[in-house]
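Before any comments, here is the structure.
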Amino acid sequence: MISISQQTWLQPWIKLARGERPSEQLRALAKTLLVPLAGIAAFLLLWAVAAGQINTSLGAFPGPLDVWQQGGALLEEHAAERREEEAFYERQRERNAQRQAVDPSYQPRIFPYTGSATFIDQILTSLMTVTAGFVLASLLAIPLGILIGLSHTLYRAFNPVIQLLKPVSPLAWLPLVTMVVSAVYVSQDPLVPKSFITSMVTVMLCCLWPTVINTAVGVAGVDNDLNNVSRVLRLGWLTHVRTIVLPSAMPMMFAGLRTSLGIAWMVLIAAEMLAQSPGLGKFVWDQFQNGSSDSLSRIMVAVITIGAIGFLLDRLMLAVQSLVSWDKSADLR
Amino acid sequence: MSHYLDISKISIDFPTPEGPFRALDELSLRIKKGEFVSLIGHSGCGKSTVLNILAGLLQATEGGVALDGKEVNEPGPDRAVVFQNHSLLPWLTAFENVQLAVRQVFRDSMSKAEMRDWIQQNLKLVHMEHAMHKRPDELSGGMKQRVGIARALAMRPKVLLMDEPFGALDALTRAHMQDSLMEIQRDLNNTVVMITHDVDEAVLLSDRIVMMTNGPAATIGEVLNIDLPRPRNRVTLAENSDYNHFRQQVLSFLYEKQRKVVEIPREPAVDEDEAAPARGKVAGLVDRLGRRA
C-alpha cells in the first residue's frame with residue numbers, strides 16, 4: 001500500500017544496493033538515519049539519567065532498561081496466557097471424547113475460556129474501539145461537512161453548535177454517554193459489550209469536528225470557475241458533488257480526517273481509563289491500582305505503545321490519502 | 001434568420017453598501033448566425049459581465065437576451081463558455097474533461113461508441129489527439145486552452161462564448177491559437193462572441209468588433225464591421241491598408257475617445273512601477289501606452 005519509492009528514508013539504501021555513487025548515498029544515509037538515531041540516543045540517555053534521580057513510593061522511576069524488560073515480560077505473559085487457553089480447550093475436548101465413548105447420546109459442551117486480558121488483547125480491543133468510533137464519526141462528518149460547505153445558510157445554522165461542541169473534553173461527555181447507553185442499549189444477549197458502545201460513542205463525539213470543519217472549508221473553497229463549468233453543463237447535484245466538489249475538497253478532508261483520528265486515539269485512552277472499559281487505558285489504570293514494583297515500568301511500556309500506535313495510525317491515513325488522491329505529485333507529510 | 005442572438009437593452013446593477021452600482025446600461029446588440037463578434041474595451045468596463053449574462057451565469061437587472069427565439073435565463077450547454085484560465089478539472093484527463101461535457105449533452109442521443117468518436121474528433125480538431133490521456137498539469141498553457149475549446153465545441157453549442165481565451169498565453173502561442181481558431185471557424189462556422197483586449201486579435205478574427213465605453217454604466221460605444229476577405233493571413237494583412245485602418249480605428253477609440261484615466265504618481269520614477277499594480281497594473285500600462293499612441 002505504501003509505495004516504496006515514496007519512503008525517502010529507504011531511497012539511499014535502494015541506490016546503495018544498485019551501486020549508484022556510494023559516497024553520496026552514504027552521506028544521504030548519515031543524514032536520514034544517523035541524525036534521527038542520535039536524537040533517540042540522546043533522549044534515552046537523558047531518560048536514564050533523570051529516572052535514577054526520581055524516587056517514588058513504588059521505587060525508582062523506571063529507566064529504559066526496566067521498561068525494555070517489562071515489555072518482554074508482557075509479551076511472555078501473553079504467550080503463556082495463549083498456551084493456557086489452548087490447554088484449557090484441549091482438556092475439554094479430551095474429556096468430551098471420553099464421555100462420548102462411554103455414552104454415545106452425550107451432547108458435548110465447550111465452555112469458553114475466561115482468562116484475564118493480556119497487554120496484547122488490550123491493544124487489539126483499543127484498536128477495534130478506535131476504528132469503530134472513527135469510522136462512525138467519519139460517516140457522519142463527511143456528509144455533514146459537504147452539506148454545510150455547499151450551503152451558506154446551513155453553514156450559518158450549524159456553525160455555532162459545532163464551535164460550541166468542538167472544545168468539549170471527552171471526560172465531560174463520558175458520564176452522559178454512559179447513562180444514555182445504559183438506558184438505551186438494553187439487551188439480554190448483547191452483540192457487543194456495553195462498555196465498547198460507551199467508549200465508541202465518546203470517541204465519535206470528540207473526533208467528529210475536525211472532519212466536519214475541514215470538509216466544509218474544502219467544499220466551500222471549490223474554484224468558482226469550476227462551479228461555473230458545472231452550471232454551464234447543468235450537472236445534477238450528485239454528479240456535481242462527485243466530479244467537482246469531492247476531488248477539490250479531498251486534501252482538506254484528509255487533513256481533517258488525520259486530525260480526527262489523532263483525537264480519537266487520545267480520547268479513547270482517557271475514556272477507557274475513566275469508564276473502566278477494556279483497552280490500553282484500562283491496562284494503565286489497572287497497573288496504577290496494582291502498585292507493584294513493576295507497575296511504573298509497565299505503564300511506561302503502555303505509554304510508548306500508545307505513542308507508536310498513534311504514529312502508525314497517522315501514517316496509515318497518509319497512505320490511504322496518497323492512494324485515493326488524484327494529485328500524486330502532492331507532497332504529503 | 002437575421003437575429004440569431006438578440007441582446008436587448010440589458011442593464012445590470014450590483015448591490016453595494018452605498019446603493020446599487022450600475023455596471024451596464026441599456027446595452028443592445030443583434031448577432032447573426034455564424035457571425036464572429038469581438039467585445040473590446042478597457043479592464044473593468046463590463047465585457048465579462050456581458051458574457052456572463054449571455055452564458056446565464058448572471059441575470060440582467062433590466063432587459064433580456066434571446067437565443068434562437070428563446071429567452072436566456074439560466075446557464076446551459078447551448079451557450080458553451082471557454083473560460084480565460086481553461087477551467088479544466090485538474091483530476092481528469094483531457095479526454096475525460098471533454099467526456100464530462102459530451103455525456104451531459106448527448107446522454108440520450110449517442111451510444112457509448114459514438115460518444116468516444118465524437119470526443120476524439122473534437123480533440124483532433126484542436127490538435128490534441130496525441131495528449132488525450134494526459135491530465136491538465138502535464139499540459140502547457142496553450143494545450144490546456146485547446147482542450148477547453150474542444151470541450152466547448154463538443155457540446156455543439158448554438159453560441160460559443162469566449163472570455164479572453166488567449167489572454168493568459170505568451171505572444172507566439174497566442175498567434176498559433178488564433179490561427180487554429182480561424183481554421184476551426186472556417187470548418188464549423190460557429191456563432192462566436194469573444195471578449196478580448198488585444199486589438200490585433202480582434203481585427204484578425206472578427207466579422208464585427210463591438211467597442212465598449214468605460215464603466216460605470218458601460219454600454220456600446222462604436223461597432224466596426226471588419227469586411228476583410230477570408231481566409232485571413234496575419235503576415236500578408238500586416239501590410240494591408242484596410243487592416244491597418246481598422247486597427248487604427250479601434251486604437252483611436254480605446255486610447256483617445258475612451259482613454260482610461262488612471263492617476264500615476266509623478267514623484268520618483270521607481271515608485272511608479274511599484275504603485276501601479278495596486279491600482280490595476282493593466283489599466284496603468286494601457287494609460288501609458290495610450291499617451292504614447
Seminar exercise, completed: Looking across segment B:121-172 at residues that are over 17 Å from the mean Cα position of the chain (by Cα) and basic (K, R), the single one that is nearest to A:L233 (Cα to Cα) is B:R156
Problem set entry | Positions within segment A:233-290 being at pLDDT below 90 and on the phi > 0 side of the Ramachandran plot, in sequence order | A:Q276
Seminar exercise, completed: Note on segment A:238-281: residues of a type outside the set (A, V, I, L, M), away from every other protein chain (no Cβ under 14 Å) and either crowded, with 20+ Cβ neighbours inside 10 Å or within 13 Å of the chain's Cα centre (by Cα) (or both) are A:F254, A:G256, A:R258, A:T259, A:S260, A:G262, A:W265, A:E272, A:S277, A:P278, A:G279, A:G281
Exercise. If you scan segment B:105-121, which residues turn out to be within 14 Å of chain A (Cβ to nearest Cβ) and either touching a helix residue (DSSP H, G or I) at 6+ places or on another chain (Cβ under 8 Å) or hydrophobic (A, V, I, L, M, F, W, C) (or both)?
Worked result: B:V105, B:F106
Seminar exercise, completed: A:P278 fails exactly one of (1) in contact with a Phe, Trp or Tyr (Cβ under 7 Å, 6 or more places away or on another chain); (2) of a type outside the set (A, V, I, L, M, F, W, C); (3) outside any helix (DSSP H, G or I), namely (1)
Seminar exercise, completed: Heads up, the strands (runs of 3 or more DSSP E) in segment B:118-230 (entirely inside) with at least 1 residues that are surrounded by fewer than 19 Cβ atoms within 10 Å (Cβ to Cβ) and modelled with pLDDT of 90 or more are B:208-212, B:220-225
Exercise. Only one residue in A:L144, A:L136, A:L165, A:L124 is touching a residue at least 12 places away in the same chain (Cβ under 8 Å) and out of contact with any Phe, Trp or Tyr (no Cβ under 9 Å at 6 or more places or on another chain). Which one?
Worked result: A:L136
Exercise. For A:G291, which of the numbered conditions (1) surrounded by 21 or more Cβ atoms within 10 Å (Cβ to Cβ); (2) within 21 Å of A:T118 (Cα to Cα) fails to hold?
Worked result: (1)
Exercise. Has segment A:216-237 got at least one residue that is within 14 Å of another protein chain (Cβ to nearest Cβ), touching a Gly at 6+ places or on another chain (Cβ under 6 Å) and surrounded by 20 or more Cβ atoms within 10 Å (Cβ to Cβ)?
Worked result: no
Problem set entry | Filtered residues of segment B:72-93 (kept if more than 8 Å from chain A (Cβ to nearest Cβ) and assigned to a strand (DSSP E or B)) | B:V82
Seminar exercise, completed: Note on B:V98: of the conditions (1) over 25 Å from B:A218 (Cβ atoms); (2) within 14 Å of another protein chain (Cβ to nearest Cβ); (3) surrounded by fewer than 21 Cβ atoms within 10 Å (Cβ to Cβ), unmet is (3)
Exercise. In segment A:244-253, is there at least one residue being under 30 Å from A:T198 (Cα atoms), touching a residue at least 60 places away in the same chain (Cβ under 8 Å) and assigned by TED's automatic domain parsing to the domain that holds A:W209?
Worked result: yes
Exercise. Is there a residue in segment A:20-36 that is at pLDDT 85 or above, surrounded by 10 or more Cβ atoms within 10 Å (Cβ to Cβ) and closer than 30 Å to A:V284 by Cα?
Worked result: yes
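The values are calculated or read from the model by the stated rules, or taken from the named source; none is laboratory data. Values in this document were obtained by computation on a predicted structure and should not be read as measured data. Positions of Cβ are generated from backbone atoms using ideal geometry, with glycine treated the same way; all protein chains shown enter the neighbour counts.
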